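Have a look at the structure below before the remarks.
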């Protein structure tokens, strides 16, 4: 079976045409079942917001290292090339800037309490550079816009595709702990490239969904849709090869499309009905190695105390089951059933945080979250 990364037009999702809405839901369900990635067009985010964020990200990275190091921080701020190594990213291949949630209410105990979970996410503020001018405004505007898109369309579309209440996922992300990362992959010193040379090693994301915007297309991004009737071969995410210097320098996206992929939390919630697809970034040839690339990666995460529980989703599916589909199709969507017992014990999202993940082996926590023969979570203490 051939697999590709589809484009889904979200313009009809909130429109008045129920048939068009249903078509979007079907396309989302198909993409999640087949590959775990899809492009979203007509997402409603203004072109100005996209281009401003990319332009300011590039301007930040093009500053001298000394200027960037003024906001250096392993969690919220700048990490230079070689500044942090982990199982996912070879540090010689990228530099990045990241921020956590914006518009935080410091009087809310969820954000400012003594709880260790709050301290992990909010114990230190975002670090904003003083230059380039307007960087913080552009970055925060993009953060808010993508967060709104995920809440209003993506999470609701995922719920609809699973026959769950529309707010099943979104009500668990009212105080989400998402972070926004700007990445720059600098040119690699001119030499012969043995394909594939990995800029980013194969990995999955610990999110519910991840949303990506590319300055120059998703060059070299590959996905591995394992266990879906494929040959288990890496497939290229399509890109346009005709974008050239001026468009890139001005930070204008070649397309308004955003790339969306499912994360581990969604795989756990759906009990493997949908998978968090492994992906990587490779250098394809010597010409590719001489380019640099900037992208924005929005790692959307639910509330840190959101309980990720497939059985809760299964109960919500049962309450919302109105029939109308053939039994085979309905059974395929059921996340827990007699033929599909729960594989993962419930856990708080905090236990699979981005920050904690940096110190873990790529698959370590996932392996410890598989239920043992007695239905208990192996290696993790129940709260």
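The values are calculated or read from the model by the stated rules, or taken from the named source; none is laboratory data. Fair warning: this is a prediction, and the values are worked out from it, not measured in the lab. So basically every Cβ, Gly included, is an ideal-geometry build from the backbone, and we count neighbours across all protein chains shown.
Listed here are the residues, each with its yes/no results for (1) crowded, with 16+ Cβ neighbours inside 10 Å; (2) out of contact with any helix residue (DSSP H, G or I) (no Cβ under 6 Å at 6 or more places or on another chain).
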{"position": "101", "(1), (2)": "yes, yes"}
{"position": "112", "(1), (2)": "no, yes"}
{"position": "121", "(1), (2)": "yes, yes"}
{"position": "124", "(1), (2)": "no, yes"}
{"position": "132", "(1), (2)": "yes, no"}
{"position": "140", "(1), (2)": "yes, yes"}
{"position": "144", "(1), (2)": "no, yes"}
Kindly check whether there is at least one residue in the stretch 37-49 that is farther than 20 Å from residue 211 by Cβ, at pLDDT 95 or above and either touching a helix residue (DSSP H, G or I) at 6+ places or on another chain (Cβ under 9 Å) or outside any loop (DSSP other than H, G, I, E, B) (or both). no
Can you name every residue in the stretch 221-246 that is over 30 Å from residue 269 (Cβ atoms) and either modelled with pLDDT of 85 or more or surrounded by fewer than 15 Cβ atoms within 10 Å (Cβ to Cβ) (or both)? 240, 241, 242, 244, 245, 246
Can you spot a residue in the stretch 90-100 that is under 28 Å from residue 223 (Cβ atoms), free of Cβ contacts under 8 Å to residues at least 40 places away in the same chain and within 23 Å of the chain's Cα centre (by Cα)? yes
Taking the stretch 4-37 and keeping residues surrounded by fewer than 18 Cβ atoms within 10 Å (Cβ to Cβ) and closer than 30 Å to residue 280 by Cβ leaves 4, 6, 7, 9, 26, 30, 33
Considering the stretch 259-272 alone, what residues qualify as being out of contact with any helix residue (DSSP H, G or I) (no Cβ under 7 Å at 6 or more places or on another chain) and part of a loop (DSSP other than H, G, I, E, B)? 263, 272
Go through (1) surrounded by fewer than 21 Cβ atoms within 10 Å (Cβ to Cβ); (2) at positive phi and name the single condition residue 175 misses. (2)
Quick one: which helices (runs of 4 or more DSSP H) sit completely within the stretch 274-352 and have at least 3 residues that are at pLDDT 95 or above and either at positive phi or within 26 Å of the chain's Cα centre (by Cα) (or both)? 310-320
Pair list, Cβ < 7 Å and 6+ apart or interchain, from the stretch 61-73 residues that are at positive phi and modelled with pLDDT of 95 or more to residues that are surrounded by 14 or more Cβ atoms within 10 Å (Cβ to Cβ) and part of a helix (DSSP H, G or I): none
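Considering 182, 160, 164, which residue is in a strand (DSSP E or B), surrounded by 17 or more Cβ atoms within 10 Å (Cβ to Cβ) and modelled with pLDDT of 90 or more?
Going through 182, 160, 164 in turn, the sole match is 182.
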Of (1) at pLDDT below 85; (2) within 18 Å of residue 263 (Cα to Cα), residue 121 satisfies every one except (2)
Quick check: anything in the stretch 134-147 part of a strand (DSSP E or B), touching a strand residue (DSSP E or B) at 6+ places or on another chain (Cβ under 6 Å) and touching a residue at least 24 places away in the same chain (Cβ under 8 Å)? no
Residue hits (the stretch 148-157; crowded, with 21+ Cβ neighbours inside 10 Å and either free of Cβ contacts under 8 Å to residues at least 12 places away in the same chain or out of contact with any strand residue (DSSP E or B) (no Cβ under 9 Å at 6 or more places or on another chain) (or both)) are 156
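Considering every residue within the stretch 101-121, establish whether at least one is under 17 Å from the mean Cα position of the chain (by Cα) and either touching a residue at least 12 places away in the same chain (Cβ under 8 Å) or in a helix (DSSP H, G or I) (or both). If you could, list the steps in order and put the result at the bottom.
So in the stretch 101-121, the residues under 17 Å from the mean Cα position of the chain (by Cα) come out as 101.
Remaining after also requiring either touching a residue at least 12 places away in the same chain (Cβ under 8 Å) or in a helix (DSSP H, G or I) (or both): 101.
Yes, the stretch 101-121 contains a residue that is under 17 Å from the mean Cα position of the chain (by Cα) and either touching a residue at least 12 places away in the same chain (Cβ under 8 Å) or in a helix (DSSP H, G or I) (or both).
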